[in-house]
């Protein structure tokens, strides 16, 4: 069911991805409202008990208000067992594993046999979700700048950049649309265990939801909630207050809370909050009807968050036809409604969780277990300096709306991996920094100097930092706090090694050299053992972009090259001359490649490229360079050639499906300015190749289908 709208975005080949997604949302919402409209079914809840779980991705991260609401409807319509959704690439990634060097290999079982292939079931259709991204364009050069780099610019530098926010549409599948249950039963059973429905016993008026009771008692909501023994339930715009019946007047406690959330959703539209309400909109008007839908969906989303059901409010049933008419006339209608629902429900959930946290004595528990608890790190996800960016937070600071700040901070986090160059153990890095707002997920740090800046910081665990180090390595500009974590990781690994054997090198000369890791200096110290300990004779800097074994191997090679550790020989002196092959050692080759690619860091990040380990190319190791925007079946290999006395580096486009290099290799420029242009060209080359490859695949599938159809007709 699709409806033409002159306000929609059309592309040369039809509707834009956003318009198609909104069409899908509108059709699903129409089906839901029509199901409520049939007979007396409006007395049923918006979501049945089987759907009382907030949708998540495979990593456990919850989808936001707009996506969450539509995925719940989608899951309930299809009777999915789990609220877990995955992208196509995430499903494919379950077939592979990567080692510490980033090398990818097939997943194996305990017997070393390949695990069954995981994929999306044939014929399944994806469902759209929205994600906000930011495109930054240099005004003068028209070159694209990564959003991470833009956030680190000064105010003057930002004046020369245009920033364009954009909602991108991603396609996801429920795990029921894949064969994960059959191919990875352990993972599926774990998901079942983690997503059990724990609906509270809500029979009778005695059911209590303590956070709401405390909020009413303390009058800590954004406006007064007056509980009075009378029949009316409403929010007054002029008085900015809610009037509501007593719990005993409802059939059960669940109805009391869910209907109260409806009125609380209305109150978020006041001038002091989201400024959504129009005091002049008449009762029964389209604007009034739209506000009722916003309040209903917001209350339903809040109820689901706490595994309660929300029935359609009796007074709202009269608007069912109006909602349907507006959705059919303009599917874009659902977009504005869902954006309002996201903001309104977010305020309610934020307030409830804040009260719940106090009731659970989480702050006190954190203090008593501070020694045992994993340290918290602060990863900067956005640095706001421009007036256009800071005015929202300035306004919230003036009104002391700190909960709103936290909600807004979440909007600035696009969920990217943490930037180790801007991750710290403290949210305040400068003497003038002030933490304006903080919860369990985010902190908003204000610095009044230079006109006032805001640092939006995501709170992460030390394990998150460790995972990022293992995945991306450690760049020179990583913070000292991050480097300390990396050094602790090496120290722990070295200690485990010493539990099994004493690390030592037996040199060609017969000397035995012992090894220690110096965490303070970040070096591998090597020397001889004495009765008072080890006498350090050599120290080698530890490179965190390589494994412990690789660092030990590199140290061993360097020591073996030293004349003092050469084996005595009776052969002619020429035999003892240094072999040219020593300069091509694994360690030196990796070190040279890694050093070179660090110079390309900005150019790589700007175009979505990341180093993912090493792979053998023409008998030597080459760096794998994958792009986050593609499937990674096609990637670049960066090789090194030092045959002419000077290191040269070459880029090769490699297709793992074909198991061959697909384009002629090109020498990479070694100056920073040319690197950006070169990597943009590499991105376009990869993009064109992936596009042509996909088109060829579609054409092959069509030809196979035509051939099969022709064969059937022939029979």
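The values are calculated or read from the model by the stated rules, or taken from the named source; none is laboratory data. This structure is a prediction, so every number in the text was calculated from the model and none was measured. For neighbour counting, all protein chains shown are included, and Cβ atoms are generated from backbone atoms with ideal geometry for every residue, glycine included.
Looking only at residues of region 521-550 that are more than 33 Å from the chain's Cα centre (by Cα) and assigned to a loop (DSSP other than H, G, I, E, B), we find that the one that is modelled with the highest pLDDT is 521.
When you scan region 384-392, do you find a residue that is surrounded by 13 or more Cβ atoms within 10 Å (Cβ to Cβ), in a helix (DSSP H, G or I) and modelled with pLDDT of 85 or more, even just one? Looking through region 384-392, at least one residue is surrounded by 13 or more Cβ atoms within 10 Å (Cβ to Cβ), in a helix (DSSP H, G or I) and modelled with pLDDT of 85 or more. With a requirement of 2 or more residues that are farther than 23 Å from residue 410 by Cβ, the helices (runs of 4 or more DSSP H) lying completely within region 76-183 that satisfy it span 88-93, 155-158, 180-183.
From the residues in region 54-80 that are surrounded by fewer than 16 Cβ atoms within 10 Å (Cβ to Cβ) and in contact (Cβ under 8 Å) with a residue 24 or more places away in the chain, which one is nearest to the chain's Cα centre (by Cα)? It would help to see each step written out before you state the result.
As a first pass, look at region 54-80 and keep what is surrounded by fewer than 16 Cβ atoms within 10 Å (Cβ to Cβ): 59-62, 77-79.
With the extra rule that they be in contact (Cβ under 8 Å) with a residue 24 or more places away in the chain, the set shrinks to 60-61, 77-79.
Values: 60: 11, 61: 8, 77: 27, 78: 26, 79: 27 Å.
So, considering only residues that are surrounded by fewer than 16 Cβ atoms within 10 Å (Cβ to Cβ) and in contact (Cβ under 8 Å) with a residue 24 or more places away in the chain, the one nearest to the chain's Cα centre (by Cα) is 61.
Screening 26, 51 for residues that are surrounded by 13 or more Cβ atoms within 10 Å (Cβ to Cβ), modelled with pLDDT under 85 and closer than 18 Å to residue 332 by Cα leaves exactly one candidate, 26.
Quick check on my filter: what residues within region 641-670 are in a strand (DSSP E or B) and surrounded by 13 or more Cβ atoms within 10 Å (Cβ to Cβ)? Passing the criteria: 641, 648, 649, 650, 651, 652, 653, 654, 655, 661, 666.
Out of all the residues in region 181-196, is one or more without any contact (Cβ under 8 Å) to a residue 60 or more places away in the chain and more than 30 Å from residue 57 (Cβ to Cβ)? No: region 181-196 contains no residue that is without any contact (Cβ under 8 Å) to a residue 60 or more places away in the chain and more than 30 Å from residue 57 (Cβ to Cβ). Considering region 411-450, and only residues there that are part of a helix (DSSP H, G or I) and in contact (Cβ under 8 Å) with a residue 40 or more places away in the chain, the residue that is farthest from the chain's Cα centre (by Cα) turns out to be 450.
Hey, among 470, 516, 462, which residue is touching a strand residue (DSSP E or B) at 6+ places or on another chain (Cβ under 7 Å) and in the same structural domain as residue 422 (by the TED database)? Walk me through it before giving the result.
Working: 470 fails: touching a strand residue (DSSP E or B) at 6+ places or on another chain (Cβ under 7 Å); 516 fails: in the same structural domain as residue 422 (by the TED database).
Sole residue among the options that is touching a strand residue (DSSP E or B) at 6+ places or on another chain (Cβ under 7 Å) and in the same structural domain as residue 422 (by the TED database): 462.
Criterion first (outside the structural domain of residue 120 (by the TED database) and modelled with pLDDT under 85) does residue 64 satisfy it? Spelling it out, it is not the case that residue 64 is outside the structural domain of residue 120 (by the TED database) and modelled with pLDDT under 85.
So how many residues does region 255-267 have that are free of Cβ contacts under 8 Å to residues at least 60 places away in the same chain and either crowded, with 24+ Cβ neighbours inside 10 Å or touching a helix residue (DSSP H, G or I) at 6+ places or on another chain (Cβ under 6 Å) (or both)?
Let us first name the residues in region 255-267 that are free of Cβ contacts under 8 Å to residues at least 60 places away in the same chain, namely 255-260, 262-263, 266-267.
Narrowing the set further to residues that are either crowded, with 24+ Cβ neighbours inside 10 Å or touching a helix residue (DSSP H, G or I) at 6+ places or on another chain (Cβ under 6 Å) (or both) leaves 256-258, 260, 262, 266-267.
Residues in region 255-267 being free of Cβ contacts under 8 Å to residues at least 60 places away in the same chain and either crowded, with 24+ Cβ neighbours inside 10 Å or touching a helix residue (DSSP H, G or I) at 6+ places or on another chain (Cβ under 6 Å) (or both): 7 in total.
I want to confirm something. Restricting to region 254-311 and keeping residues that are assigned to a loop (DSSP other than H, G, I, E, B) and more than 22 Å from residue 239 (Cβ to Cβ), which single residue is modelled with the lowest pLDDT? Across region 254-311, the extreme among qualifying residues is 310. When region 108-136 is filtered for residues that are free of Cβ contacts under 8 Å to residues at least 40 places away in the same chain and surrounded by 16 or more Cβ atoms within 10 Å (Cβ to Cβ), only 136 remains.
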